[in-house]
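Here is the structure we will look at.
The values are calculated or read from the model by the stated rules, or taken from the named source; none is laboratory data. Everything numeric here is computed off the predicted structure, so don't read it as measured data. Every residue, glycine as well, gets a Cβ built from its backbone with ideal geometry; the counts of neighbours run over all protein chains shown. What goes into the accessible areas is simple: the full protein's heavy atoms, side chains included, and nothing from ligands, DNA or RNA. Shrake-Rupley method; radii C 1.70, N 1.55, O 1.52, S 1.80 Å.
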Amino acid sequence: SRIQKFDSNNEFITKWGSYGLSDGQFDYPCGIAVDSSGNVYVADTSIHRIQKFTSSGVFITKWGSYGSGNGQFDWAIGIAVDSSGNVYVADTNNSRIQKFDSNNEFITKWGSEGEGNGQFDWAVGITVDAIGNVYVMDSDNNRIQKFTSSGEFITKWGSEGEGDGQFSWPCGIDCFPRPF
């Protein structure tokens, strides 16, 4: 129930957080993302919220609650930030992705439960590439799905297995170069 920060030489810099429900506390923090200003976003999974901090761990804001409405989450696990400061959240048990602007205001959502294009079964990992495409680890479907920044399906790849291009419950994903 904490965040630890290290430099590029793996030297410890600082830490913040503890178990709890208050600002700056966590219950099962899973996803973490950093914006172009160095602010840190944490998917506080069991509390169904997103918390935002400065790069040194000072609490800035939070949003979200339990539910299936816009801006609500049921196990927010993955989180990513694009070059415009938009925040994408893998809202896992609601089988969708939610997009927020840099002021935490809801913009759009996409996805539903299933195996079809744009559907998810336990979406957990999420990242954004340098041109704004969104990639989602669709874990129980053992695949990666690619979308535009507005949620239009582009393509998918992967299947269950141990061979090349196959996955067994994939969780994390990232892109290089970074979007900022």
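Rounded to the nearest 20 debye, what is the charge dipole size of the chain about its Cα centre when +1 sits on each Lys and Arg Cβ and -1 on each Asp and Glu Cβ? Numbers along the way, then the final one.
Working: 13 positive and 22 negative charges, 100 e Å.
That gives the chain a dipole magnitude of about 480 debye.
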Once amide hydrogens are built 1.01 Å from N within the peptide plane, the residues lying 5 or more places from I126 or on another chain with amide H under 5 Å from its amide H are I79, M137, I173
Leaving out ligands, DNA and RNA, and with a 1.4 Å probe, what % of the accessible surface on the chain is carbon or sulfur?
45 percent
What would the Debye formula give as log10 I(q)/I(0) at q = 0.28 Å⁻¹ for the alpha-carbon point model of the stretch 19-85, no solvent?
-1.29
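State in Å² the accessible area per residue of the chain; use a 1.4 Å probe, count heavy atoms of protein chains only, and round to the nearest integer. Could the numbers behind the result be given before it?
Details: 8660 Å² over 180 residues.
That works out to 48 Å² for each residue.
Stokes-Einstein diffusion coefficient for the chain at 20 °C in a medium of 1.002 mPa s, Rh from the Kirkwood formula over Cα pairs: what value in µm²/s? Could you put the intermediate results ahead of the total?
On the way: Rh = 16.4 Å.
My calculation gives 131 µm²/s for D.
Find how much the distance from S159 to S8 grows on full extension, using 0.36 nm per residue of separation minus their present alpha carbon separation; answer in nm with one decimal. Working shown, then result.
Working: separation 151, 0.36 × 151 = 54.36 nm, distance 3.45 nm.
So the chain would gain 50.9 nm between S159 and S8.
What number do you get for the stretch 1-54 when its Cα radius of gyration is normalised by 2.2 N^0.38 Å, N = residues?
The value comes to 1.12.
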Taking the chain and dividing mean pair separation by its residue count, relative contact order in percent (alpha carbons under 8 Å, at least six apart):
12 percent
Semi-axes of the equivalent ellipsoid for the stretch 98-180, Cα gyration tensor, largest first, Å:
22, 15, 10
Taking H as built 1.01 Å from N, whose amide H comes closer than 5 Å to the amide H of D74, not counting residues under 5 places away?
G67, T92, N93, N94
